[in-house]
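Working notes for the structure below.
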Amino acid sequence: MTDRRPAAPKSAKGARPQRGEKRPQTGEKRPYKKENRQENKERTFDNRKKTTPFKEKPFTPKGKSHEEDTPHTFYRKTAPKKPSQDEQKGIRLNKYIANAGICARRQADQYIIAGNVEVNGKPMTELGYRVQPTDVVKFDGKNISAEKKEYILLNKPKGFITTTQDEKGRKTVMDLVSGAAQGNIKPVGRLDRLTTGLLLLTNDGDLMKKLTHPSHGVRKIYHVVLDKKLALADFLKIQEGLTLEDGFIQVDDISFVEGAPHNELGVKIHSGRNRIVRRIFESLGYAVEKLDRVAFAGLTKKDLPRGHWRPLTQQEVINLKNLNR
């Protein structure tokens, strides 16, 4: 089969070359010269210097601080962050209520519109209001604070006083929980210096009042070790109740520790009187060698070694707030 297409002229510009032919060149090649290569190199380097000037990197000798005898600053010390204009003007009211742990911001807007919130004694229904540091905010008639509520559970060891500070310079429980919370947490109730066991610390004032007030009957369980075995007659006296110097007292429950000598007992009590467990046994002629609080308001020492602390879980906080409801 023959190709009937007419052949293109060889001299025409852009003509299709035949098999075995080379495409015609339209211009001449520039002859290669070594000086041309050097000239191009210098021109490229000069252009680069004009656009991106070369900067010498700082060098730090090995074993020498970069801050010594060197003009370069590797780690710039920044000034304290200044509060934004919004922060200087105050916190939005719905955020203030949310930070106080009342509810979420969206729900707070609904409460504000409904008139549940007062600022400086007057109902505040303005959603965009910003709370100033000097403002007094009330929710349903109760003062609230934007400080985040924190709850720390400590397994107190011996030798620490349950107070925020001591005039004699003795060790306090606050030394054990330093850095545990950002807020101003305080112990809920007291444990004397020789008593060990569970201690709750929080900045939630309403919960503190609830857990320490006798009317709520918050239960505490103690493990007691006496200097001698407890006689059955004294055991029954404690069950029936005793009259101490500050009035009548009766424990909620008392029992011997299973598998242990009869000088070890478990005592459940809701009274918050000072050193009440020790005074009960001392009134009958016994000395308490060891006193350990193993449970408090439903909280236990499980997985909490002596001298350690942990924050409460959200469910534990809910359980405390719903206690005796």
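The values are calculated or read from the model by the stated rules, or taken from the named source; none is laboratory data. As the structure is a computational prediction, the values presented were derived from the model and not from experiment. Neighbour counts are summed over all protein chains in view; Cβ atoms, including those assigned to glycine, are modelled from backbone coordinates with ideal geometry. SASA here: full protein model, heavy atoms, side chains in, ligands and nucleic acids out. Shrake-Rupley method; radii C 1.70, N 1.55, O 1.52, S 1.80 Å.
For the stretch 75-90, check the following and say yes or no: at least one residue is out of contact with any Cys (no Cβ under 8 Å at 6 or more places or on another chain) and modelled with pLDDT of 85 or more. Spell out how you get there, then give the answer.
Restricting attention to the stretch 75-90, the residues satisfying the condition of being out of contact with any Cys (no Cβ under 8 Å at 6 or more places or on another chain) are 75-90.
Filter once more, so that each one left must be modelled with pLDDT of 85 or more: none.
No - not one qualifying residue is present in the stretch 75-90.
Identify, by number, the condition in (1) of a type in the set (D, E, K, R); (2) more than 19 Å from LYS156 (Cα to Cα); (3) touching a residue at least 40 places away in the same chain (Cβ under 8 Å) that LYS220 doesn't meet.
It is condition (2) that LYS220 fails.
Give me a count of the residues in the stretch 102-160 that are hydrophobic (A, V, I, L, M, F, W, C) and over 22 Å from LYS186 (Cα atoms).
Step one: filter the stretch 102-160 for residues hydrophobic (A, V, I, L, M, F, W, C), giving 102-104, 108, 112-114, 117, 119, 124, 127, 131, 136-137, 139, 144, 146, 152-154, 160.
Then keep just the ones that are over 22 Å from LYS186 (Cα atoms); that gives 103-104, 108, 112-114, 117, 119, 124, 127, 131, 136-137, 139.
Residues in the stretch 102-160 being hydrophobic (A, V, I, L, M, F, W, C) and over 22 Å from LYS186 (Cα atoms): 14 in total.
Considering each of THR172, THR196 in turn, give the residue that is outside the structural domain of SER271 (by the TED database), of a type outside the set (D, E, K, R) and in contact (Cβ under 8 Å) with a residue 60 or more places away in the chain. Working first, answer last.
Values: THR172 fails: in contact (Cβ under 8 Å) with a residue 60 or more places away in the chain.
Step by step, each of THR172, THR196 is checked, and only THR196 is outside the structural domain of SER271 (by the TED database), of a type outside the set (D, E, K, R) and in contact (Cβ under 8 Å) with a residue 60 or more places away in the chain.
Just the residues that are aliphatic (A, V, I, L, M), under 27 Å from GLU258 (Cβ atoms) and out of contact with any Ser or Thr (no Cβ under 9 Å at 6 or more places or on another chain), please, taken from the stretch 182-220. Step through it out loud before you land on a result.
Going through the stretch 182-220, the residues aliphatic (A, V, I, L, M) turn out to be 185, 188, 191, 194, 198-201, 207-208, 211, 218.
Next, from what is left, pick out any that are under 27 Å from GLU258 (Cβ atoms): 191, 194, 198-199, 218.
If the condition is that a residue be aliphatic (A, V, I, L, M), under 27 Å from GLU258 (Cβ atoms) and out of contact with any Ser or Thr (no Cβ under 9 Å at 6 or more places or on another chain), then LEU194 is the only one that fits.
Looking only at the stretch 133-191, count how many residues are β-branched (Val, Ile, Thr) and out of contact with any helix residue (DSSP H, G or I) (no Cβ under 9 Å at 6 or more places or on another chain). It would help to see each step written out before you state the result.
To start, the set of residues in the stretch 133-191 that are β-branched (Val, Ile, Thr) comprises 134, 136-137, 144, 152, 161-164, 172-173, 177, 185, 188.
Still in the running and out of contact with any helix residue (DSSP H, G or I) (no Cβ under 9 Å at 6 or more places or on another chain): 134, 136, 152, 172-173, 177.
Looking only at that region, the number is 6.
Show the residue pairs that are 6+ apart or on different chains and have beta-carbon atoms under 6 Å apart, the first residue being within the stretch 308-325 and at pLDDT 90 or above, the second being loosely packed, with under 13 Cβ neighbours inside 10 Å.
From the stretch 308-325, the pairs are ASN319/GLY298.
With assigned by the TED database to the domain that holds ILE318 and without any contact (Cβ under 8 Å) to a residue 40 or more places away in the chain as the only criterion, which of LYS210, LYS186, LYS229 stands out? Give the steps one after another, and end with the answer.
Details: LYS210 fails: without any contact (Cβ under 8 Å) to a residue 40 or more places away in the chain; LYS229 fails: assigned by the TED database to the domain that holds ILE318.
After ruling out the rest, the residue left standing is LYS186.
Test ILE113 against the stated conditions and say whether it is in contact with a Cys (Cβ under 9 Å, 6 or more places away or on another chain) and at pLDDT 75 or above.
When the stated conditions are applied, ILE113 does not pass them.
Could you tell me which residue of the stretch 128-147 is nearest to the chain's Cα centre (by Cα), considering only residues that are part of a loop (DSSP other than H, G, I, E, B) and either of a type in the set (S, T, N, Q) or surrounded by fewer than 13 Cβ atoms within 10 Å (Cβ to Cβ) (or both)? Explain how you work it out, then say what you get.
Within the stretch 128-147, the first condition is being part of a loop (DSSP other than H, G, I, E, B), and the residues that meet it are 128-129, 132-136, 140-141, 144-147.
Next cut, either of a type in the set (S, T, N, Q) or surrounded by fewer than 13 Cβ atoms within 10 Å (Cβ to Cβ) (or both) only: 128, 132-134, 136, 140-141, 145.
Values: GLY128: 29, GLN132: 25, PRO133: 24, THR134: 27, VAL136: 26, ASP140: 28, GLY141: 29, SER145: 18 Å.
Only one residue fits best here, namely SER145.
Looking at the structure I just gave you, is GLY115 touching a Pro at 6+ places or on another chain (Cβ under 8 Å), exposed (fewer than 12 other Cβ atoms within 10 Å of the Cβ) and free of Cβ contacts under 8 Å to residues at least 40 places away in the same chain?
Numbers: touching a Pro at 6+ places or on another chain (Cβ under 8 Å): yes; exposed (fewer than 12 other Cβ atoms within 10 Å of the Cβ): yes; free of Cβ contacts under 8 Å to residues at least 40 places away in the same chain: yes.
Answer is yes for this residue.
Would you kindly identify the strands (runs of 3 or more DSSP E) lying entirely within the stretch 195-311 that contain at least 1 residues that are polar (S, T, N, Q) and open to solvent by 20 Å² or more (accessible area, probe 1.4 Å)? First the steps, then the outcome.
Numbers: elements: 196-202, 220-226, 242-244, 247-249, 253-256, 264-269, 288-296, 309-311.
Once the strands (runs of 3 or more DSSP E) in the stretch 195-311 are filtered for at least 1 residues that are polar (S, T, N, Q) and open to solvent by 20 Å² or more (accessible area, probe 1.4 Å), what remains is 242-244, 253-256.
Can you name every residue in the stretch 166-182 that is under 10 Å from ILE152 (Cβ atoms) and outside any helix (DSSP H, G or I)?
Passing the criteria: VAL177, ALA180, ALA181.
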